[in-house]
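Notes follow once the structure below has been shown.
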Amino acid sequence: MIREIITIDEEKCTGCGDCIPSCPEGAIQVIDGKARLVSDLMCDGLGACLDTCPTEAITIEKREAEPYDERQVMAHIAAAGANTIRAHLEHLREHGQQEFLDQALAYLDEHGIEAPTPLEAPAPDPPCGCPGSQVQAFESEAQDAAQQSEKRPSQLRHWPIQLHLVSPATPHYQGSDMVLAADCVAYTLGDFHQEFLAGKTLAIACPKLDDRQQDYVEKLRSFIDDAHINTLTVMIMQVPCCRGLLVLAQTAAQQASRTIPIKSIVVSLQGEILHDEWLQM
C-alpha cells in the first residue's frame with residue numbers, strides 16, 4: 001500500500017541516536033553507525049522522531065510500504081515495562097489513533113499484561129515545544145519546616161560520575177549495585193543520597209542534552225558484561241525526553257550477554273516517586 005512513513009538520509013545522519021528515545025514504537029535503531037528504520041511494519045508515519053534529529057536527516061515520505069502493525073509493535077515493547085508501554089499508549093491517544101489504541105489494549109489483555117494507568121491527558125506543550133522546559137514554581141511544606149540539626153553525610157563514594165567519564169574497569173563498579181540517574185533527579189529528590197544512593201555506585205546522564213548517546217549503550221553493556229554489576233536502577237524524571245535514558249539502558253541490556261535485574265524509578269517534578277518497578281527483560 002502507499003502510505004506516509006519516515007525516511008532517513010544516510011548522508012545527513014551522524015548516528016547520534018537522538019531519534020531513538022522519541023520513537024514510541026521502537027522502530028529506529030543505530031546500525032553500523034547510522035539510524036535505520038527496523039521495519040516498515042513498526043513505523044506509524046506520525047513523525048514523532050522528526051524534531052529530535054539535529055541534522056534534519058529524518059523526513060516523512062509517501063511510498064509503497066507494508067501496513068503499520070500495532071500487534072507487532074506491542075510484541076516488541078511489551079517486555080520493556082510499564083513506562084514504555086504507557087508512553088506508547090499515550091502517543092496513540094494524543095494522535096487520535098483509537099483503532100490502534102484498541103488493538104494495543106487488546107494485545108495486553110490477551111497476554112495477561114495489565115495496562116498502565118492512568119492514561120491522563122497530557123499537559124499542553126509550552127511555546128518552546130518541550131514539556132520538560134516549562135517554567136513552574138512549587139510550594140513545599142518541607143521547605144517551610146525547621147531544618148534538621150544534624151547534617152546528612154553524602155553517600156557518594158567515588159568519582160567521576162558523568163557517564164561519558166566513568167569506566168566499567170574501575171574497581172568500585174565491579175559487582176556493584178549501580179544507579180543510573182538523569183542529571184535532575186538528585187536535585188529533585190530530597191533524600192536521594194540516603195534512600196537511593198547509599199551502598200551503590202552512580203553514573204549520571206542527560207538523555208536530552210548529552211552528545212554521543214550511542215556510546216552510552218556500549219558503555220552500559222560493558223557495565224553489565226565486564227564489570228558484572230548486580231543490578232541497575234534507572235532513575236528518570238517524569239518529563240517525556242527523560243524516558244530516553246531508560247530506553248538506552250534497556251537497549252544495552254538487550255545487547256549484553258548477561259541478564260541482570262533492572263529497576264525503573266520515575267520522579268515527579270515535585271520530588272515524588274511516581275513509579276518504582278522491576279522490569280521484565
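The values are calculated or read from the model by the stated rules, or taken from the named source; none is laboratory data. Bear in mind the structure is a predicted one, so any value in this text is a computation, not a measurement. No Cβ is skipped: glycine too gets one built from the backbone with ideal geometry, and neighbour counts run over all protein chains shown.
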Quiz item: Do you know which residues across the range 42-57 are under 11 Å from E25 (Cα atoms) and under 17 Å from the mean Cα position of the chain (by Cα)?
Solution: A48, C49
Quiz item: How many of the residues in the range 206-235 are farther than 21 Å from R258 by Cβ, hydrophobic (A, V, I, L, M, F, W, C) and either modelled with pLDDT under 95 or outside the structural domain of V179 (by TED's automatic domain parsing) (or both)?
Solution: 2
Self-check item: Qualifying residue in the range 189-201 (condition: under 18 Å from the mean Cα position of the chain (by Cα) and modelled with pLDDT of 95 or more)
Solution: no
Quiz item: Somewhere in the range 167-181, is a residue surrounded by 20 or more Cβ atoms within 10 Å (Cβ to Cβ) and either aromatic (F, W, Y) or touching a Pro at 6+ places or on another chain (Cβ under 6 Å) (or both)?
Solution: yes
Practice problem: Of the numbered conditions (1) assigned to a loop (DSSP other than H, G, I, E, B); (2) buried (at least 18 other Cβ atoms within 10 Å of the Cβ), V73 fails exactly one; give the number of that condition. | Solution: (1)
Quiz item: Hey, among the residues in the range 230-250 that are among the β-branched types (V, I, T) and surrounded by 23 or more Cβ atoms within 10 Å (Cβ to Cβ), which one's nearest to P24 (Cα to Cα)?
Solution: V247
Exercise. Quick one: which residue in R212, R157 is in contact with a Ser or Thr (Cβ under 9 Å, 6 or more places away or on another chain) and either of a type in the set (D, E) or exposed (fewer than 14 other Cβ atoms within 10 Å of the Cβ) (or both)?
Key: R157
Exercise. Check whether at least one residue in the range 91-104 is crowded, with 19+ Cβ neighbours inside 10 Å, under 22 Å from V266 (Cα atoms) and at pLDDT below 85, and report yes or no.
Key: yes
Quiz item: Pairs, please: C-beta under 8 Å, at least 6 apart or cross-chain, first residue assigned by TED's automatic domain parsing to the domain that holds E56 and hydroxyl-bearing (S, T, Y) and in the range 1-24, second surrounded by fewer than 17 Cβ atoms within 10 Å (Cβ to Cβ) and not in a loop (DSSP other than H, G, I, E, B)?
Solution: T7/T59; T7/I60; T7/E61; T7/R63; S22/D51
Exercise. Scan the range 1-40 residue by residue and report those that are outside any loop (DSSP other than H, G, I, E, B), crowded, with 18+ Cβ neighbours inside 10 Å and not β-branched (V, I, T).
Key: A35, L37, D40
Quiz item: Which residue pairs have Cβ atoms under 9 Å apart, sit 6 or more places apart or on different chains, and have a first residue in the range 174-186 that is more than 10 Å from L202 (Cβ to Cβ) and a second that is of a type in the set (S, T, Y) and crowded, with 19+ Cβ neighbours inside 10 Å?
Solution: D177/T201; D177/T233
